[in-house]
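These notes concern the structure reproduced below.
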Amino acid sequence: MNSSTKALCGFVLAAVLAAAIPASAQTVGLDPATQDRFDKATAMIQLALAQRKSVFLTYGASQADRYMALQEFRDKRRRATLDAAEALLAVRGSFPKDQWKTLVEQLAAGGPMPLLVERAQKELPAVVPDAARRAPAEKALLDLATVIKKDEKERESARKKFFSLLEKEKSTSDDFISRLESFGNAEEKLDKGIAEGAGAVQAALTQAEWDELVRRISRPPGEGGSGK
């Protein structure tokens, strides 16, 4: 696997595991078949992330809409992660053990993306200056942040286990499937808190306030925006 292959693998795995994507991961130089496989995995997870974000940032979205967005995201992420894992497992045998370990360490180096809920907490006072008026939204955001951070803890644990499996000499696709199922089950237990928490934040704001908050937290990274 050449340096371009490593870079694109890092890009896809960062996306499917919700880690920050380094600028160097944008380099592409693979054979057409491998390129196509990774392109499809990347496109799947990027679309899933965008769809989930769109639902949660839409004023008036129902609880059912939010639950469905969470479930559909998990399903698409699972398929993309497995495809990325299978692509890597297919080339693992061509590496010396120490070189493969180094590669996995490089792929695992990305950190978590910033959380939209934390950005929302920082921006809320500018959107609702009156402290008494703002208090219900602050409490709702705090409750939501608590649940989302639990979700992030599960995600980081799953990310570490994923790369640990990848490093092992004899891990199989079934091992990754089992890990992803455990991860999905743990996340699903938090769905109620995330869906209802987002609804509580909306209920504490007018549509104009919500729209302004969304505008602020959706700015590009260079302008202070956040990732997810």
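Tallying residues that are more than 18 Å from residue 203 (Cβ to Cβ) and touching a residue at least 40 places away in the same chain (Cβ under 8 Å) within segment 141-159 yields 7.
For segment 79-100, taking the residues that are touching a residue at least 24 places away in the same chain (Cβ under 8 Å) and surrounded by fewer than 14 Cβ atoms within 10 Å (Cβ to Cβ), the one that is nearest to residue 37 (Cα to Cα) is identified as 94. Within segment 161-188, restricting attention to residues that are in contact with an Asp or Glu (Cβ under 9 Å, 6 or more places away or on another chain) and within 26 Å of residue 70 (Cβ to Cβ), the residue that is surrounded by the fewest Cβ atoms within 10 Å (Cβ to Cβ) is 173. Apart from one condition, residue 147 fits all of (1) at pLDDT 90 or above; (2) surrounded by fewer than 18 Cβ atoms within 10 Å (Cβ to Cβ); the exception is (2). In segment 72-128, of all residues being more than 23 Å from residue 194 (Cα to Cα) and aromatic (Phe, Trp, Tyr), the one that is nearest to the chain's Cα centre (by Cα) corresponds to 100.
Please work out if residue 227 is within 19 Å of the chain's Cα centre (by Cα) and either at pLDDT 95 or above or farther than 30 Å from residue 91 by Cβ (or both). Answer is no for this residue. Taking the criterion of being surrounded by 13 or more Cβ atoms within 10 Å (Cβ to Cβ) and part of a helix (DSSP H, G or I), the residues of segment 193-206 that qualify are 193, 194, 195, 196, 197, 198, 199, 200, 201, 202.
The values are calculated or read from the model by the stated rules, or taken from the named source; none is laboratory data. Computed from a prediction, not measured in an experiment: that's the story for all the values here. Every residue, glycine as well, gets a Cβ built from its backbone with ideal geometry; the counts of neighbours run over all protein chains shown.
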